[in-house]
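Since the structure comes first, as structure tokens, the remarks are kept for the end.
The values are calculated or read from the model by the stated rules, or taken from the named source; none is laboratory data. Quantities reported herein were computed from a predicted structural model and do not represent experimental measurements. Note: ideal-geometry Cβ built from the backbone for every residue, glycine included; neighbour counts use all protein chains shown. With ligands, DNA and RNA removed, areas are computed over all heavy atoms of the protein, side chains included. Shrake-Rupley method; radii C 1.70, N 1.55, O 1.52, S 1.80 Å.
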Amino acid sequence: MQQRTLRTFGPALRTFGPALRMFGPALLFWTVLTASAEETRIPEDKLVVLTVATKETDGFRRFLRSAKHFNYTVKVLGRGEKWSGGDYTSAPGGGQKVRLLKQAVDEMTDEHTIVLFSDSYDTVFASGPKELLKKFSLAGHKLLFSSESLLWPLRLLEDKHPHVVLGNRFLGSGAFMGFLPTVKKLVSDWTGADSDSDQLFYTKIYIDPEKRKSINITLDSKCRLFQNLLGALDDVVLKFEDSRVRARNVLYDTLPVLVHGNGPTKLQINYLGNYIPNTWTFETGCTVCGQDLLPLSSLKEPPLVLIGVFIQQPTPFVSVFFERLVKLQYPKDRLQLFIYNKEPHHERHISVFLKDHGALYQKVSSVGPDEEMDIAASRDQAIDMCRSDSACDYFFNLDIEVVLKNEDTLKILIEQNLPVVAPMITRVGRLWSNFWGALSVEGYYARSEDYVDIVQGRRQGVWNVPYVSNVYLVRGSLLRSELQDLSLYTTPGLDPDMAFCQQLRTKDVFMYVTNQQTFGRILSPENYQTSHLHNDLWQIFQNPLDWEERYIHPNYSRVLKDQMETPCPDVYWFPIFSETACDHIVEEMENFGKWSGGGSMDTRIQGGYENVPTIDIHMNQINFQREWQKFLLEYVAPVTEKMYPGYYTRAQFDLAFVVRYKPDEQPSLRPHHDASTFTINIALNHVGIDFQGGGCRFIRYDCAITSPRKGWTLLHPGRLTHYHEGLPTTAGVRYIAVSFVDP
């Protein structure tokens, strides 16, 4: 077989003979290099990862998780030692790392050890030791530094750097690896202060030709092993492949083993860390979301939580907010409340809530509009309350605009066991949410590549993000340690939420948002008017879902599915308004108070004459006509199209009004036709409870409905066929909402 193969390719070999002779030395060199790399493969147990971490930050814990994922052996230097290396992210510093490294390698004796030294707070592993060591062997040098496209910290040294044909030219000190004797030699001459620049120290060695040759240093210019993000943000993308996620350098087409968010690229490494190493993949989803949880069942008692409720402006559905707060599934005796209210209109809502439920909570304190405290100061005060109480385990920020539908939200957030975590909420019909996926250069909102997928639920998990707002949980111990001396919400030129998040980012505190469950949404409070008694009735345009939940009958959704009740021929009966809607409409009309006199002369209608007058108030008198037409289009029109096939209403009306029947005022209504294509007649209170008698009789069919149900409507043709009358109300007061549709 072998001879046959050679004979087959013999002519080709003779044809390309000259070319083979020309490239023979290169091919021989490659063959020897490949064979050499295979023969001298470095055992993984000879690799030791050294890093410096004087405190355990969120970034450090992420680094250790990524190392553990790939079974790296990590030795941490400087634990418990005070950091004295300066803020080397924005100014030269980091010499303390060199001192600690020198001490560590001086104690190591196995000359075959390979040392990888790496930063940890802003670094993640993307692959394992086998790939790292193979790439190091192929580099053919005893010491390999990461590379950068930007020179730091001394630009005057640019001309002294060796040129490279392709790749980054400058040394990066955030990661390097080499044989133990070489690393010892590298740091043997260190005599600097902790605050001196580690990068400048290594750079001066690298640009000295004799030292570079003596130590045998080179740079990982094409980022095969190490990827520094500073100056390379546009070059690095996520690569999803075969249930694995890598960072890919598209400029050099390489897959780095270690990714470092050096300098001002912390947010980008946080973004990449949401996926690397295999934190989230398309095939598995979130792979770490079940790790490090804190089950409440494992605790002796539930943590003590201070809930801060903040009302900054007139906001719809405030009473509903407090109803949901009471329903939050968490022991009330382990909850404290701090309520800040800047808006006088909402004082009555707070008063009702505290009167009915305040005693349930361990402690309640409040700040009202009379105290003239701004929102930043109020949030800082709430934080201080938790910070100063050693028993306060968590602070839960809850803005009044938040519609918290998930009653287990607080439990879920606590069990995440994270420093700061927010439940994702969105604004209905929009991509607006309570988190930002990225920041602009100026520190404002920018859209990350995955933002839309997260908001729309196509990617579910727990995400490290640069900004959260409206609703989030903060660990109390964090307020008493990393954040103990800060006014978190007060920064000149920034709104309180932006100031809060900036403070956390400055302290390297990670913020997370979870969209693993559905938590709720956020209201649109813009242009909310407070001139009515029940202003939420007017929210059908701005907050339609909340309006529906508040005011539409809970069984309305079954109307289009189930068989419709027909108490009389061509008369349909179905639930449409909630009890609350009925009450609010009646109370709104009584609060307005300008009931008609029931006479035929009526200047409110075209022509000024009413043939069959009632004592009523028209919807347009309380400026509710636009909202009423929207209601007809959204909730009545679909029923008419089902029950009257082929007829499509535009929900136009000349008359829509609430009628009041009283025995001593107007108890009944004489027989008549309605000036409409069809009419709706909604019962707004209870027969037998609020009034006696009443009802509607269709004379042609001799059919009466004498037990109207509150919140249910009769729908029937208006002209010609359904001649009808209002039966006498014998006691109490009866209210109905009537609309003549498509006159």
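Of everything in the stretch 544-569 that is assigned to a strand (DSSP E or B) and of a type in the set (Val, Ile, Thr), the residue that is farthest from Glu641 (Cα to Cα) is Ile552.
Here Gln484, Gln529 are screened, and the one residue that is closer than 29 Å to Gln539 by Cα, touching a residue at least 60 places away in the same chain (Cβ under 8 Å), touching a helix residue (DSSP H, G or I) at 6+ places or on another chain (Cβ under 7 Å) and in a loop (DSSP other than H, G, I, E, B) is Gln529. The listed residues are Tyr512, Tyr472, and the only one of them that is modelled with pLDDT of 95 or more, open to solvent by 10 Å² or more (accessible area, probe 1.4 Å), within 22 Å of Gln291 (Cβ to Cβ) and outside any loop (DSSP other than H, G, I, E, B) turns out to be Tyr512. Looking across the stretch 697-714 at every residue that is under 30 Å from Gly646 (Cβ atoms) and part of a loop (DSSP other than H, G, I, E, B), the one that is modelled with the lowest pLDDT is identified as Pro708. Against the criterion of being among the aliphatic types (A, V, I, L, M), within 39 Å of the chain's Cα centre (by Cα) and on the phi < 0 side of the Ramachandran plot, Ala193 does not qualify. For the stretch 666-696, a residue qualifies if it is assigned to a loop (DSSP other than H, G, I, E, B), hydrophobic (A, V, I, L, M, F, W, C) and crowded, with 19+ Cβ neighbours inside 10 Å, and exactly one does: Leu684.
Before we move on, is Ile339 closer than 28 Å to Ser524 by Cβ and either at pLDDT 95 or above or open to solvent by less than 20 Å² (accessible area, probe 1.4 Å) (or both)? Spelling it out, Ile339 is indeed closer than 28 Å to Ser524 by Cβ and either at pLDDT 95 or above or open to solvent by less than 20 Å² (accessible area, probe 1.4 Å) (or both). The set of residues from the stretch 603-644 being at pLDDT below 95, open to solvent by 70 Å² or more (accessible area, probe 1.4 Å) and acidic (Asp, Glu) comprises just one member, Glu641. Here Ile114 fulfils each of the conditions (1) open to solvent by less than 10 Å² (accessible area, probe 1.4 Å); (2) under 37 Å from the mean Cα position of the chain (by Cα); (3) among the β-branched types (Val, Ile, Thr) apart from (2). When Arg379 is tested against (1) under 30 Å from Glu56 (Cβ atoms); (2) open to solvent by 30 Å² or more (accessible area, probe 1.4 Å); (3) among the basic types (Lys, Arg), only condition (2) is not met.
Under 28 Å from Glu634 (Cα atoms) and crowded, with 17+ Cβ neighbours inside 10 Å: is that true of Ser707 in this structure? For Ser707, the condition - under 28 Å from Glu634 (Cα atoms) and crowded, with 17+ Cβ neighbours inside 10 Å - is not met.
Here Leu294 meets the list (1) open to solvent by 10 Å² or more (accessible area, probe 1.4 Å); (2) more than 25 Å from Gln516 (Cα to Cα); (3) out of contact with any Lys or Arg (no Cβ under 8 Å at 6 or more places or on another chain); (4) not in a strand (DSSP E or B) almost entirely, failing just condition (2). Against the definition (more than 16 Å from Pro316 (Cβ to Cβ), more than 39 Å from the chain's Cα centre (by Cα) and buried (at least 16 other Cβ atoms within 10 Å of the Cβ)), how does Val586 come out, yes or no? Considered against the rule, which asks whether it is more than 16 Å from Pro316 (Cβ to Cβ), more than 39 Å from the chain's Cα centre (by Cα) and buried (at least 16 other Cβ atoms within 10 Å of the Cβ), Val586 comes out as yes.
For the stretch 372-411, which positions are among the acidic types (Asp, Glu), assigned to a helix (DSSP H, G or I) and touching a residue at least 12 places away in the same chain (Cβ under 8 Å)?
Keep residues of the stretch 372-411 that are among the acidic types (Asp, Glu), which gives 372, 374, 380, 384, 389, 393, 399, 401, 407-408.
Narrowing further to those that are assigned to a helix (DSSP H, G or I): 380, 384.
Answer for the stretch 372-411, where residues must be among the acidic types (Asp, Glu), assigned to a helix (DSSP H, G or I) and touching a residue at least 12 places away in the same chain (Cβ under 8 Å): just Asp380.
Residues of the stretch 418-469 that are among the aliphatic types (A, V, I, L, M), open to solvent by 10 Å² or more (accessible area, probe 1.4 Å), over 30 Å from Leu304 (Cβ atoms) and outside any strand (DSSP E or B): Val428, Leu431, Val441, Val452, Val455. For Val636, are the conditions met, namely being in contact with a Ser or Thr (Cβ under 6 Å, 6 or more places away or on another chain) and aliphatic (A, V, I, L, M)? So Val636 fails the test. The set of residues in the stretch 253-288 that are of a type in the set (Phe, Trp, Tyr) and open to solvent by 20 Å² or more (accessible area, probe 1.4 Å) comprises Tyr271, Phe282. Among the residues of the stretch 535-584 satisfying the criterion of being out of contact with any helix residue (DSSP H, G or I) (no Cβ under 7 Å at 6 or more places or on another chain) and among the basic types (Lys, Arg), which is farthest from Tyr735 (Cα to Cα)? Here the residue is Lys561. I'd like the full set of residues that are outside any loop (DSSP other than H, G, I, E, B), modelled with pLDDT of 95 or more and not hydrophobic (A, V, I, L, M, F, W, C), limited to the stretch 297-315. Of everything in the stretch 297-315, just one residue is outside any loop (DSSP other than H, G, I, E, B), modelled with pLDDT of 95 or more and not hydrophobic (A, V, I, L, M, F, W, C), namely Gly308.
Could you give me the residue pairs with C-beta distances under 6 Å whose first residue belongs to the stretch 355-371 and is assigned to a helix (DSSP H, G or I), whose second residue is open to solvent by 100 Å² or more (accessible area, probe 1.4 Å) wherever it lies, and which are 6+ apart or on separate chains? Hits for this filter: Pro369/Lys342.
Summed over the stretch 118-171, the residues that are assigned to a strand (DSSP E or B) and either surrounded by fewer than 21 Cβ atoms within 10 Å (Cβ to Cβ) or at pLDDT below 95 (or both) give a count of 0.
Quick grid of which residues meet (1) at pLDDT below 95; (2) more than 16 Å from Asp119 (Cβ to Cβ); (3) surrounded by 15 or more Cβ atoms within 10 Å (Cβ to Cβ):
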{"site": "Ala193", "(1), (2), (3)": "no, yes, no"}
{"site": "Asp198", "(1), (2), (3)": "no, no, yes"}
{"site": "Phe201", "(1), (2), (3)": "no, no, yes"}
{"site": "Pro209", "(1), (2), (3)": "no, yes, no"}
{"site": "Asn216", "(1), (2), (3)": "no, yes, yes"}
{"site": "Leu219", "(1), (2), (3)": "no, yes, yes"}
{"site": "Leu230", "(1), (2), (3)": "no, no, yes"}
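Considering the stretch 715-731, and only residues there that are under 30 Å from Gln652 (Cβ atoms) and assigned to a loop (DSSP other than H, G, I, E, B), the residue that is modelled with the highest pLDDT turns out to be Leu727.
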